[in-house]
Structures are given as structure tokens and as C-alpha cells.
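The structure appears right after this line, and notes come after that.
Nothing in this text is a laboratory measurement; each read-out follows from the coordinates by a stated rule. Worth saying up front: this structure is predicted, and the values here are computed from it rather than measured. All Cβ positions, even for glycine, are placed from backbone atoms using ideal geometry, and neighbour counts span all protein chains on display.
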């Protein structure tokens, strides 16, 4: 395994926070408030050069963590968002086979320009690196996010074992000296992998990772998140909104089969943004009414969820 350059000197603290509206590497970045145990897990993953597998319910902050680490440590950032159709190879490289074939036909007819012929004579020019591939060739150590790995086919994690373990990509379409071309990592990337636990991951893949379960933020942490996201927000509005939000989560607890998902911090932030458009006193009065929540459509995303919420609140009265 490639040893990260000066990896023993890299230490994430979670204390360096961006200002509202800041961007990093072309992405909007928000404050991230990790627990001390999560900070320890991140630094252990950096030290050992192992991917950190993050699990937790949707909306608990798993996806934003990787960018927060890159921001504090001043590292480059690559994101690989997994879909149901994603293949492991997509994040490594894509070989433009169609372009190569087209140029071969043009070369046979003598129709290539000088520049096109130079490209055709170099098979590596048809390689397009993916997120992990770009991190391998980057002289600067890179943070890589592999987001929602459990969305992909069950074989997807196993197809990454060589690349994650040996920090090596083999290009099967290009041969050099009778062997497949290899791309070795200049620096071992810091890899974060998120999962919503939609399916089990293979044991061989899990053995190569460190694991951390990200708990849903506490009341105090959510208050901090809200204040970072909405500077100058009234304390009374923050307290009432967060309290009602957590009460809603409590009501929905154990009802996931009916609600399909619990409300998350991303929905809370949208909700507070909606609340802030009304006069403060009006909003506080609405939040004080038991059994009713303003702008409930921001929080609950299905009709069944609305009906179950109304039923459960009536039962609690």
C-alpha cells in the first residue's frame, strides 16, 4: 500500500469552520460539527491509510463530512456519487473505445489530421480518469467521497478491492511491455465511503475499511448547526423550531414503515428558512400551537406521512 506523504502530520480537528456562503473546490461548504469520537475515527483512518465507512440514517451529515475534512486540511476533493447503474470502473477510468474505433477507421482511410494521428498513436490518450483515478495521479493528497455505495450492485464494492487495498488501477485496454498499463497512486487518497444500509456490504470489502456510525445530532448540535447556517437568527425561534422538530422525530420514531423515512437536518434547515420569511411573532405563535406545525409539507414528503402524523398527534392529546 502506498504510504501517504506526511500522513502522520495530518490531523483533523473539526474546529476550522467556513463562513456563510463560502465555497471550496467549486462546492458550497457549510460548517460541520463532528463529535470527538468521529474526529478520532477520521484521524485513525488518515493514519492507517484505510477508507472510513460511514453509516447512519439519511440526513445525519455523512456526505458533508468529506468536504469538511478537505477544507480544514487544505486538500483537493473528488466526489463520486453512486447510482443504481454505477460500475466500479466508472470511478477509476473510462476508455473511449468508440473514439478509438472511429479514429482507427479514419486512419485506415488516411483521413486523420496530424493532431488526430498523434492521439491515435498514443492509446493512453483515450483514457478518461474518474474520481478515484484523478486522486491517484494528483501530486497533492486528495480527499475522495464515495457516496451511497449501497445504491450500486452487490458486486460493486468487491470490484474496488484492488484499487483501495493496493492503490493501483489496471487499464485493461492498454498494454505496455506485454502487461496491462498500471496507474499507481502518487499519494494515498483519504477515502470516505457512505452507506444508508440499504443492503449488506461484502465481508472482504468491510475488512479493508474502518467503520463509524454517525448518530443523529443532539439538540445542542442542531442548535449550533442552525445558528451557523442562519447568522443572527432569534434564539427563541431557534429553540422553538428545533424543539418542535425533535418532537416530530420522536412522534415518527417507530413509524418508519408508515412514514418511510424520518425527518432529517436538511429538511429542518429548509423548514427554518420557510419560517423566517414570516414575522417573528407570527411564527412563534404558530410554533406554540400544540398538534399543529406550519409548513408541514416541507418536513413530511408523502400523503401517508401527513395522515399518520395527524393520527398520532390526536392520540397523544
*Mind ranking 215-221, 189-195, 146-152 by how tightly packed they are, going by the mean number of other C-beta atoms within 10 angstrom, highest first?*
189-195, 146-152, 215-221
*Which value, in nm² and rounded to one decimal, describes the direction-averaged projected area of the C-alpha convex hull of the range 219-316?*
5.9 nm²
*What is the diffusion coefficient of the range 69-218 in µm²/s, taking the Kirkwood radius over Cα pairs and the Stokes-Einstein relation at 4 °C with a viscosity of 1.567 mPa s?*
75 µm²/s
*Springs between alpha-carbon atoms under 10 Å, Gaussian network over the chain: tell me which of 234, 68, 107 tops the mean-square fluctuations.*
107
*For the chain, state the average projected area of the convex hull of the C-alpha atoms over all orientations, rounded to one decimal in nm².*
21.0 nm²
*residue 172 to residue 228: FRET efficiency via 1/(1 + (r/R0)^6), r the Cβ-Cβ distance, R0 51 Å, to the nearest 0.05?*
0.65
*Can you tell me the relative contact order of the range 219-316? Whole percent, Cα pairs under 8 Å, sequence separation 6 or more.*
29 percent
*What is the helix-to-structure angle for 265-275, meaning the angle in degrees between its Cα long axis and the longest Cα principal axis of the chain, kept from 0 to 90 and rounded to the nearest 10?*
50 degrees
*Pick from 291, 232, 130: which residue has the top mean-square fluctuation in a GNM of the chain where Cα pairs under 10 Å get a spring?*
232
_Cα-projected label distance for residue 104 with residue 236, points at 7 Å along beta-carbon direction, nm_ = 7.5 nm
_Relative contact order [Cα under 8 Å, 6+ residues apart], the chain, whole percent_ = 21 percent
*What nm value, rounded to one decimal, do you get for the distance between residue 221 and residue 161 when each label is placed 7 Å out toward the C-beta?*
3.3 nm
*Using a Förster distance of 45 angstrom, determine the FRET efficiency expected from the C-beta separation of residue 115 and residue 199, and round it to 0.05.*
0.45
_If you restrict to DSSP beta bridges whose two residues both lie in the chain, what percentage is antiparallel, to the nearest 5?_
40 percent
*How would you rank 280-287, 165-172, highest first, on the average number of other Cβ atoms within 10 Å across their residues?*
165-172, 280-287
_Whole-Å distance, taken between Cα centres, linking the range 81-146 and the range 181-216_ = 24 Å
*Round to the nearest 0.05 the FRET efficiency obtained for residue 128 and residue 304 when R0 = 35 Å and r is the Cβ-Cβ distance.*
0.20
_Between 0 and 90°, nearest 10: helix 219-229 axis offset from the chain longest Cα axis_ = 70 degrees
*Give the dimensionless ratio obtained when the Cα radius of gyration of the range 1-149 is divided by 2.2 N^0.38 Å.*
1.35
*Build a GNM of the chain with springs between Cα atoms under 10 Å: which of 241, 274, 185 gets the top mean-square fluctuation?*
274
*With everything on Cα atoms, drop me the angle between helix 36-48 and the longest principal axis of the chain, reported from 0 to 90° to the nearest 10.*
10 degrees
*Report, in whole Å, the centroid distance computed from the Cα atoms of the range 48-75 and the range 275-299.*
33 Å
*For the pair residue 97 and residue 208, how long in nm is the line joining their label points, each one 7 Å along Cα→Cβ?*
2.3 nm
